[in-house]
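Asks: Take this structure first; my questions come after.
Computed from the coordinates by the stated procedures, all read-outs in this text should not be read as laboratory data. Worth saying up front: this structure is predicted, and the values here are computed from it rather than measured. Here the Cβ positions follow ideal geometry from the backbone for every residue, glycine too, while neighbour counts run over all protein chains shown.
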Amino acid sequence: MNPGVVTLSATLGATAAIMFALWLLSLRLRDVSIVDIYWGPGFAVIAAVAWYLNDPGTARSAVVPVLAALWGLRLGVYLGWRNRGKPEDYRYAAMRRRHGERFALISLVQVFGLQAALMWIVSLPLQAVQFAGVTRPFALLDWLGVALFATGFAFESIGDYQLARFKADPANRGVVMDRGLWAWTRHPNYFGDFTVWWGFASLALAAGAWWTIIGPVVMSVLLLRVSGVALLERGLRKTKPAYADYAARTSAFFPMPPRRR
């Protein structure tokens, strides 16, 4: 059987099985938020399964799952730490109130099922690198991919660290974070995610898997238009009056020097 079909089928099956198990756990905990903690590690699992099933023995095939694990585990640990002791995310709590007894089944489809599908689609570059069949050594596109990953990982990690320290100071309660990387972009963590995934796209292109660009495109749409920047900004503009002034002087996404007012 075609190795691509085998790999894609196996990763889809593994993702669906894990998400179903997480759904069962969420019913016991009455907390759907655990699905968000698995978002990052889920990609590491997919990359590892794809590597295990193929392992073409190239530097590219070895580097990609390591980078995916580095990115995914850091994100999972950070979200787990940030959410510890907190109630269910307000989005899921609102769904729970709205759907009542039907929420369990609806959460299986609309939360766990949807995230499983998105995870599998976004991860296409991580999978195709293993079965694309291109064995040429590291080239310009590969190094570009690693550089993009390193840049994005740094932005995401440093941005999360700076925000966590800022929020830990009680004097900053209700204050808009506008320091460090947050003075250059209103969303350094989301910009970091964006850059990481275009780094994976570059590595997949180096392997000849041009069609996997759909994964980073979907991730970019999610970050910019769906669950990332757009959703967060709507809430911040409502709850923090000073946010409008911050937005007027700070780039929305791509890092740029702060504008003078």
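Asks: For the chain, which semi-axes, largest first and in whole Å, follow from the square roots of 5 times the eigenvalues of its Cα gyration tensor?
Replies: 32, 26, 14
Asks: A follow-up question, please. Which order do Phe155, Phe131 fall in if you start with the one that has the fewest other Cβ atoms within 10 Å?
Replies: By the 10 Å Cβ count, ascending, the order reads Phe131, Phe155.
Asks: Find the relative contact order for the chain and round it to a whole percent, using C-alpha pairs within less than 8 Å whose residues are 6+ positions apart.
Replies: With pairs under 8 Å counted, the relative contact order is 21 percent.
Asks: Order of Met19, Met1 from fewest to most other C-beta atoms within 10 Å?
Replies: By the 10 Å Cβ count, ascending: Met1, Met19.
Asks: Next question. Taking neighbour Cβ counts within 10 Å as the exposure measure, how do Leu27, Leu140 sort from fewest upward?
Replies: Leu140, Leu27
Asks: Hey, another quick one. Return the loop-located trypsin sites (Lys or Arg not before Pro) in the range 111-206 (DSSP other than H, G, I, E, B) with at most 13 other Cβ atoms within 10 Å of their own Cβ; answer none if there are none.
Replies: Arg173, Arg179
Asks: I would also like to ask the following. Per-residue ellipticity at 222 nm for the chain, helices alone: DSSP H runs ≥ 4 residues times -39500 (n - 2.57), over residue total, nearest 500 deg cm²/dmol?
Replies: Mean residue ellipticity at 222 nm (helix-derived): -22500 deg cm²/dmol.
Asks: Tell me, in nm to one decimal, what length is gained between Leu29 and Leu231 on full extension, where the rule is 0.36 nm per residue of separation less the Cα-Cα distance?
Replies: Extra length from Leu29 to Leu231 when fully extended: 70.1 nm.
Asks: Most fluctuating residue of Glu233, Glu156, Glu101 in a GNM of the chain with Cα springs under 10 Å: which is it?
Replies: Looking only at Glu233, Glu156, Glu101, the biggest GNM fluctuation is shown by Glu101.
Asks: Give the cross-link partners of Lys86 among the aspartates and glutamates, using a straight C-alpha distance below 17 Å as the criterion and excluding same-chain residues fewer than 8 apart.
Replies: Reachable aspartates and glutamates: Asp31, Asp36.
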